[in-house]
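A short write-up of the structure that comes next.
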Amino acid sequence: MSRQVYRFDRPSRFVAGTVGQPGERTFYLQASDAEGRVVSVALEKSQVQVLAERMDELLDEIATRPGTAVPAQAEVDDLEPLTAPVDEEFRVAAMGLAWDGEAQAVVVEAVAAGEEPVDEDAILSDAEDGPDALRVTITPGAARSFVARARRVVAAGRPSCPLCSLPLDPTGHVCPRQNGYRR
């Protein structure tokens with residue numbers, strides 16, 4: 001099958017965001033450039049959380065190398081919603097994360113789900129056959145900003161039950177720690 005790779009080299013915007021109400025949100029990665037091109041891919045909340053954690057760990061590791069300028073932390077500087085309309089190109093099955101030493105940049109690739117499991121060799125590959133992918137190359141500063149926003153987006157969900165830590169719906173939930181009584 002012919003592969004479509006959406007490439008963004010230092011895009012004007014690369015963010016994680018959601019559409020919908022807490023408990024019914026759909027999570028997206030969205031990249032856009034100065035020419036007005038916007039690509040959105042859907043993924044799970046846990047995938048956003050893991051991507052942010054791994055990206056932060058990668059940046060911390062890179063910061064220890066001599067001659068590499070990586071900011072220690074970043075504030076969330078982009079609080080804008082996702083660029084509308086949010087048209088899902090594909091649902092993410094696997095992701096890859098790498099450091100490009102020559103470009104001094106972080107490379108993120110989100111690979112589409114298919115009928116067959118994603119081959120690890122297809123991630124961050126330039127092969128012409130394979131699943132569709134979104135490949136984004138961003139600066140370390142932009143990566144720190146992505147991490148800060150992604151953590152904020154993940155944390156903006158439903159509050160947790162103080163007893164069992166399961167998410168609370170607006171109407172409460174049946175708490176296992178209360179022997180099934182509604183909390």
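The values are calculated or read from the model by the stated rules, or taken from the named source; none is laboratory data. Predicted model, so just to flag it, every value in this text is computed and none were measured. Note that each Cβ is placed from the backbone with ideal geometry, even for glycine, and that neighbours are counted across all protein chains shown. Calculation scope for accessible area: heavy atoms of the full protein, side chains included, ligands and nucleic acids excluded. Shrake-Rupley method; radii C 1.70, N 1.55, O 1.52, S 1.80 Å.
Structure data summary
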{"item": "Residue within the stretch 154-164 that is in contact with a helix residue (DSSP H, G or I) (Cβ under 7 Å, 6 or more places away or on another chain) and within 22 Å of Leu51 (Cβ to Cβ) present", "result": "yes"}
{"item": "Residue in the stretch 5-21 that is open to solvent by less than 30 Å² (accessible area, probe 1.4 Å), part of a loop (DSSP other than H, G, I, E, B), out of contact with any helix residue (DSSP H, G or I) (no Cβ under 8 Å at 6 or more places or on another chain) and not hydrophobic (A, V, I, L, M, F, W, C) present", "result": "yes"}
{"item": "Close pairs (6 angstrom Cβ cut-off, 6 or more residues apart or separate chains): farther than 13 Å from Arg3 by Cα in the stretch 101-124, loosely packed, with under 12 Cβ neighbours inside 10 Å anywhere", "result": "Val107/Asp100"}
{"item": "Cβ pairs under 9 Å, 6+ apart, first in the stretch 86-98 and free of Cβ contacts under 8 Å to residues at least 12 places away in the same chain and among the charged types (D, E, K, R), second open to solvent by less than 30 Å² (accessible area, probe 1.4 Å) and assigned to a strand (DSSP E or B)", "result": "none"}
{"item": "Cross-chain or 6+ apart pairs with Cβ under 8 Å, the stretch 151-162 first and part of a loop (DSSP other than H, G, I, E, B), then among the hydroxyl-bearing types (Ser, Thr, Tyr)", "result": "Ala156/Thr18"}
{"item": "Output for the stretch 75-91, where each listed residue is part of a loop (DSSP other than H, G, I, E, B), of a type in the set (Asp, Glu) and under 20 Å from Ala112 (Cβ atoms)", "result": "Asp87"}
{"item": "Residue that is surrounded by the most Cβ atoms within 10 Å (Cβ to Cβ) [pool: residues in the stretch 22-31 that are under 11 Å from the mean Cα position of the chain (by Cα) and under 11 Å from Val153 (Cβ atoms)]", "result": "Leu29"}
{"item": "Residue count, the stretch 125-144 (criterion: among the β-branched types (Val, Ile, Thr) and assigned to a helix (DSSP H, G or I))", "result": "0"}
{"item": "Subset tally (residues that are small (Gly, Ala, Ser), within 12 Å of Val92 (Cβ to Cβ) and open to solvent by 10 Å² or more (accessible area, probe 1.4 Å)) for the stretch 126-142", "result": "0"}
{"item": "Residues that are of a type in the set (Gly, Ala, Ser) and open to solvent by 30 Å² or more (accessible area, probe 1.4 Å), drawn from the stretch 80-97", "result": "Ala84, Ala93"}
{"item": "Pick from the stretch 158-183, criterion open to solvent by less than 50 Å² (accessible area, probe 1.4 Å) and modelled with pLDDT of 80 or more, ranking: farthest from Phe14 (Cα to Cα)", "result": "Cys175"}
{"item": "Number of positions in the stretch 32-49 that are surrounded by fewer than 16 Cβ atoms within 10 Å (Cβ to Cβ) and either of a type outside the set (Asp, Glu) or over 12 Å from the mean Cα position of the chain (by Cα) (or both)", "result": "6"}
